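Quick note: the coordinates plus some simple rules give every number you see, no bench work behind them. Values in this document were obtained by computation on a predicted structure and should not be read as measured data. Cβ: placed from backbone, ideal geometry, glycine included. Neighbour counts: every protein chain shown.
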Amino acid sequence: MKKGIHPTSYRFVVFKDMSNGTSFLGKSTANTKETIVWDDGKEYPVIKLEISNTSHPFYTGKNVLVDTAGRIDKFKKRYAKKD
């Protein structure tokens, strides 16, 4: 590997899935201003995720349609045949 191109400031952070509320502890270099108290009583930075392995249809086996801001309606309206 090339020297000096990989980050060295890995730290423990809590990743929180906002769709179902599950959280897990991992390491990351991403910056965040929000913190959360974890199960061990320590305070960690928190990174909010829209989707994770606990809510993704590939991992859960459930085919859930996530329609945020009416994307399907916008698509149908845009490509509807005009009479």
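Could you tally the net charge around I36, taking each other residue with its Cβ under 9 Å from the Cβ of I36, Lys/Arg +1 and Asp/Glu -1?
So the surrounding residues net to -1.
Number of Lys pairs in the stretch 11-78 with C-alpha atoms less than 28 angstrom apart, excluding same-chain neighbours closer than eight positions?
14
Residues with beta-carbon under 11 Å from that of K48, excluding K48: net charge, scoring Lys, Arg +1 and Asp, Glu -1?
-2
If you count, for each residue, the other Cβ atoms within 10 Å and average over each peptide, how do 18-29, 70-81, 33-44 line up from highest to lowest? Numbers along the way, then the final one.
Working: 18-29: 12.6, 70-81: 8.7, 33-44: 10.9.
Listed from highest to lowest mean packing, they are 18-29, 33-44, 70-81.
Would you tally the net charge around V14, using a Cβ to Cβ cut-off of less than 14 Å, leaving V14 out, and scoring K and R as +1, D and E as -1?
+1
Only bridges whose two residues both fall in the chain count here: according to DSSP, what percent of them are antiparallel, nearest 5?
Percent antiparallel among DSSP bridges in the chain is about 70.
What share of all Cα pairs of the chain, in percent, falls into each consecutive 5 Å distance bin?
Going from the shortest bin to the longest, the percentages are 3, 11, 15, 15, 13, 12, 11, 8, 5, 4, 2, 1, 0.
Calculate for the chain the 222 nm mean residue ellipticity that helices alone would give, adding -39,500 (n - 2.57) per DSSP H run of length 4 or more and normalising by residue count, nearest 500 deg cm²/dmol.
It comes out at -3500 deg cm²/dmol, rounded to the nearest 500.
Collect residues whose amide H, placed 1.01 Å from N in the peptide plane, falls under 5 Å from the amide H of T35; neighbours closer than 5 in sequence don't count.
V46
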